[in-house]
1. If THR49 satisfies all but one of (1) modelled with pLDDT under 90; (2) surrounded by fewer than 16 Cβ atoms within 10 Å (Cβ to Cβ); (3) touching a Ser or Thr at 6+ places or on another chain (Cβ under 7 Å); (4) not in a helix (DSSP H, G or I), what's the number of the condition it fails?
2. Quick check on this structure: which one of GLY93, GLY104, GLY54, GLY61 is surrounded by 21 or more Cβ atoms within 10 Å (Cβ to Cβ) and under 25 Å from SER238 (Cα atoms)?
3. Using the structure shown, decide if ALA37 is under 23 Å from the mean Cα position of the chain (by Cα) and closer than 21 Å to PHE215 by Cα.
4. It is to be established whether one or more residues within segment 129-149 are buried (at least 20 other Cβ atoms within 10 Å of the Cβ), within 25 Å of VAL219 (Cα to Cα) and under 16 Å from the mean Cα position of the chain (by Cα).
5. Take VAL6 and decide whether it is outside any helix (DSSP H, G or I) and touching a residue at least 60 places away in the same chain (Cβ under 8 Å).
6. In segment 108-123, which residue that is over 19 Å from ASP4 (Cβ atoms) and more than 14 Å from the chain's Cα centre (by Cα) is surrounded by the fewest Cβ atoms within 10 Å (Cβ to Cβ)?
7. Which residues, counting only those in segment 196-216, are touching a Pro at 6+ places or on another chain (Cβ under 6 Å), touching a residue at least 60 places away in the same chain (Cβ under 8 Å) and assigned to a loop (DSSP other than H, G, I, E, B)?
Amino acid sequence: MDLDTVRTFVTVVAAGRFQDAATDLAITQQAVSKRIAALEKALGVRLFTRTARGAVLTGDGEAFLPHARELMQAELRALASVRTAPLRVDVIGRRLCPATLLRGFHQAHPEVALEVTTLLDTAVAAIRDGSIDASFRAVGALPGDLEAQWVHDEPLHLLCGPAHPLAAAAAVTPEQLAGHRLWMPGVVPGTEWGAYYAEFATAFGLTIDAAGPNFGTEVVLDTIAESARVATLVGAGSRVWWPPGHDLRRVPIERPTPVYPHSLVWRRGNAHPGLAALRRHLTKSESTAGAWRPAWAA
């Protein structure tokens, strides 16, 4: 089985669209389509149903997904066994704040060989079995064989269309978001980001709507651009682009400022010299005074 096709499959699942997966993999959308077609031919099943709004897993695709993720972790372990391993660091998404932090490290330390992965909810297990060296997470209690270091407070912004009632505001408070529909289909129960937004909503009496299949960021942006009711939440450090005609607005949330507390997590006793350099580099951040953060991450 061609592992490039498996990697592409996992990336399409995470991105929700072939076009977004192509961006994440730095290849063309046509190349993504060819890889998925080759994998489907090898397996003898259809993995996705392609719709106007994105790529939806079939039943066979759902069944194959956990095994595909295991193959990706096995590849990392195999490579590490026969070569001097680069520093392998996981980020939740390549357009999110942790990826920017990691790029800053790479620019400051080009001598450190670096591999970037996106393992989502399997990252902690990958740290523990040695498949990767570290991951950026928002953490509470950790297993005894893991350590964590806080590295960055990322403020939240409201992202809305020009017709939204809060579009013209210079800033809003968390309480002002009550009664507004905050649509975040990527918020998955049982994940750390799911726990974060659940506690944020409870603390300020908000309703976060995670309904509907996650067809990717592009569909969310299209929806809020056309709506006077629907908005979403994004991190201040997230790289979010939209067509000029959308005229979306980023509105800071203040008094208090909710922050997503990013930490670096690694396995206790990991002596990779690149990990030590990364930890030193990330100590430059300062925490946000008076910010709101969940009790489990305080």
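1. In the conditions (1) modelled with pLDDT under 90; (2) surrounded by fewer than 16 Cβ atoms within 10 Å (Cβ to Cβ); (3) touching a Ser or Thr at 6+ places or on another chain (Cβ under 7 Å); (4) not in a helix (DSSP H, G or I), THR49 misses (1) alone.
2. Result: GLY54 is the single residue among GLY93, GLY104, GLY54, GLY61 that is surrounded by 21 or more Cβ atoms within 10 Å (Cβ to Cβ) and under 25 Å from SER238 (Cα atoms).
3. Spelling it out, it is not the case that ALA37 is under 23 Å from the mean Cα position of the chain (by Cα) and closer than 21 Å to PHE215 by Cα.
4. no
5. Numbers: outside any helix (DSSP H, G or I): no; touching a residue at least 60 places away in the same chain (Cβ under 8 Å): yes.
No, not satisfied.
6. Filtering segment 108-123 for residues that are over 19 Å from ASP4 (Cβ atoms) and more than 14 Å from the chain's Cα centre (by Cα), the one surrounded by the fewest Cβ atoms within 10 Å (Cβ to Cβ) comes out as GLU111.
7. ASN214
Residue by residue, here is whether (1) in the same structural domain as VAL13 (by TED's automatic domain parsing); (2) in a helix (DSSP H, G or I); (3) within 26 Å of GLU175 (Cβ to Cβ); (4) touching a residue at least 12 places away in the same chain (Cβ under 8 Å) holds:
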residue	(1), (2), (3), (4)
GLY186	no, no, yes, yes
GLU218	no, yes, no, yes
LEU221	no, yes, yes, yes
VAL234	no, no, yes, yes
ARG239	no, no, no, yes
ARG250	no, no, yes, yes
PRO256	no, no, yes, yes
TYR260	no, no, yes, yes
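The values are calculated or read from the model by the stated rules, or taken from the named source; none is laboratory data. What you see is a predicted model; the values in this text were computed from it and never measured. Quick reminder, even Gly has a Cβ in these numbers, built from the backbone with ideal geometry, and neighbours come from all protein chains shown.
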